[in-house]
Amino acid sequence: MTEDRDFKKVVRERSAKTGESYQTARRQLEGPPPTLTAPVYALWQHPARGLVLGLVVEGGQVRRSLPVTVLAGETILHQGVVAGLRVGKEDRDVVTSGECGITLDPPFHGYAPRPIEEAAVEAGALRPVETVSLPYLVVG
């Protein structure tokens with residue numbers, strides 16, 4: 001059985017409709033690849049900046065002020081920009097490969113917010129959160 005047959009059908013339909021080649025239609029639908037892919041292998045608590053994410057940069061580069069998204073599978077946990085970037089104890093502006101630690105702005109605290117329930121708001125309760133364990137993936 002062909003994998004991703006629904007996506008291929010959409011690509012074929014677009015190709016027929018627009019007259020583009022299959023490859024051109026596929027690239028248009030997929031969008032550009034992320035400029036950064038880095039699995040998170042560790043988390044450390046920083047007193048003022050939330051969690052520090054220990055990354056292994058596999059593709060692209062991570063740099064200060066890069067907009068990134070933290071994912072757990074298909075779930076978006078957090079979106080922000082790289083505020084701090086270090087290799088060991090050395091501050092860096094850019095890391096192109098290997099291990100590094102980043103902090104984000106706004107700070108990342110390691111959870112995915114859930115929708116606010118009316119009854120909880122009326123009772124004065126805090127908004128519930130869903131904790132999500134590693135592995136995370138950072139893309140930018």
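A short reminder: the numbers here are calculations on the coordinates, not readings from a lab. The model shown is predicted, which means the values in this text are computed figures rather than measured ones. No Cβ is skipped: glycine too gets one built from the backbone with ideal geometry, and neighbour counts run over all protein chains shown.
Below, the figures for the structure above:
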| read-out | value |
| --- | --- |
| Computed FRET value (nearest 0.05) for Glu90 with Lys8, which takes r as the C-beta separation and R₀ as 35 Å | 0.15 |
| Förster radius 25 Å - calculated FRET efficiency between Val81 and Leu29 (Cβ-Cβ, nearest 0.05) | 0.35 |
| Backbone N under 11 Å from the Glu99 label point (7 Å along Cα→Cβ), restricted to segment 34-74 | 41-42, 54-56 |
| Nonlocal amide H pairs with Val40, under 5 Å, H built at 1.01 Å | Tyr136, Leu137, Val138 |
| Ordering of 47-57, 69-79 by burial proxy (mean other Cβ atoms within 10 Å per residue, highest first) | 47-57, 69-79 |
